[in-house]
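Remarks on the structure that follows.
Please treat every number below as a calculation from the coordinates, not as lab data. Fair warning: this is a prediction, and the values are worked out from it, not measured in the lab. Cβ sites come from the backbone with ideal geometry, for glycine too, and all protein chains shown count toward neighbours.
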Amino acid sequence: TTVFVELPNTKIELLHPLGETSPVARFLEKSPSGGIHHVCYEVDDIEAAAARLRREGARVLGEVKTGAHGKPVLFLHPKDFCGTLVELEQA
């Protein structure tokens with residue numbers, strides 16, 4: 001379950017797990033006090049951003065897909081970003 005809070009230059013997603021196997025449920029198991037699940041950065045060209053990050057050693061998880069806001073997104077491995085899952089969203 002997701003609730004979006006939109007501010008002039010920020011979008012905050014409040015998440016609640018939908019079932020025991022959801023990624024959010026697994027996150028809360030590992031972090032029972034809660035916290036930030038991921039951060040999202042807007043990019044002009046998601047394919048170019050992914051290629052640059054791969055060249056610099058970041059691990060891109062999966063392929064580009066349509067995100068919650070109907071825009072192309074992809075995720076970067078948390079171990080490459082101090083334990084934080086990073087989402088890229090094409091502007």
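Straight-line reach from K79: taking Cα to Cα under 17 Å and skipping same-chain neighbours fewer than 8 places apart, the lysines in range are K30. DSSP beta bridges fully contained in the chain are about 70 percent antiparallel. What does the C-alpha gyration tensor say about the overall shape of the stretch 38-90? Classify as rounded when a/c is under 1.5, otherwise prolate if a/b is larger than b/c, or oblate. Judged from the Cα gyration tensor, the stretch 38-90 comes out oblate (a/c at least 1.5, b/c at or above a/b). Working from Cα pairs under 8 Å separated by at least six residues, relative contact order for the chain is 23 percent.
Taking a straight line from the alpha carbon of K11, these lysines sit under 20 Å away, with near neighbours fewer than eight places off in the same chain left out: K65, K71. Looking at the stretch 1-65, the GluC sites (Glu not before Pro) that sit in a DSSP loop and have at most 16 other Cβ atoms within 10 Å of their own Cβ are E20, E56. Here the Karplus relation 6.51 cos²θ - 1.76 cosθ + 1.60, evaluated at θ = phi - 60°, turns the backbone of the stretch 71-76 into coupling constants of 10, x, 9, 8, 10, 10 Hz, with x for every Gly and Pro. Using only the alpha-carbon atoms, how far is helix 46-55 inclined from the longest principal axis of the chain? Give it as 0 to 90 degrees, nearest 10. With rounding to tens, the tilt is 80 degrees. Here the sum of -39500 (n - 2.57) over DSSP H runs of 4 or more residues, divided by the residues of the chain, equals -5500 deg cm²/dmol at 222 nm, to the nearest 500.
For the chain, the set of trypsin sites (Lys or Arg not before Pro) satisfying both a DSSP loop assignment and a count of at most 13 other C-beta atoms within 10 Å is given as R59.
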